[in-house]
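Below is one structure; the comments refer to it alone.
Derivation of every value follows stated rules applied to the coordinates shown; laboratory data play no part. Please read these numbers as outputs of a predicted model, since none were measured by experiment. Quick reminder, even Gly has a Cβ in these numbers, built from the backbone with ideal geometry, and neighbours come from all protein chains shown.
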Amino acid sequence: MKEPFDLLRDFINTVEVKVQELAKENGIEHLSGPQGRTVSYLFRNQDKEIFVKDIEERLHISKSVASNLIKRMVKNGFVSIIPSQKDKRCKQIVLTPLGLEKAEKIIVFHEKIHEQLLRGVDETELEVARRVFKQIKRNLEKKE
């Protein structure tokens, strides 16, 4: 029964190493984690006002973690915080020109990593993997 967990651990480690390699090759080595996911989310939702609470929900993180993430991203020059157009009391998060540039690189990075990960995997196999991962996630979320 231990074998699936060993395979999963090896899989995760291999993916993490490859993700770091490709991120460095694509000039986004600091954006393969939560900052990159935030940049991608903001890029895909430029037509909407995005707030810290939206980042919390999207990344499944706490308010304090999301606030610290956004502070780091402001410091790194990827995002700015501006007043909402709808409610001046609220602060909207927007990509800076550097953030937009990095978002384009992240898109290329995601295409490369997905192509490499899924090479030789047909849709039937992928659907089985989806079901298995979803079931494992449900099992972990159950309180027993």
The chain, helix-only ellipticity at 222 nm - DSSP H runs n ≥ 4, -39,500 (n - 2.57), divided by all residues, nearest 500: -22000 deg cm²/dmol
Dimensionless Rg ratio for segment 66-144, taking C-alpha atoms and the 2.2 N^0.38 Å reference: 1.66
The computed P(r) of segment 4-84 puts the percent of Cα pairs beyond 19 Å at 47 percent
Partners for Lys91 among lysines (Cα-Cα distance below 26 Å; same-chain residues under 8 apart left out): Lys48, Lys53, Lys63, Lys71, Lys75, Lys102
Potential lengthening between Val15 and Gln85 on full extension [0.36 nm per residue; Cα-Cα distance subtracted]: 21.2 nm
Restrict the search to segment 56-144; then list the trypsin sites (Lys or Arg not before Pro) that DSSP places in a loop and that have at most 10 other Cβ atoms within 10 Å of their Cβ. Lys86, Lys88, Arg89, Arg119, Lys142, Lys143
So what's the chain giving for Rg/Rh, alpha carbon basis, Kirkwood Rh from the mean inverse pair distance? 1.03
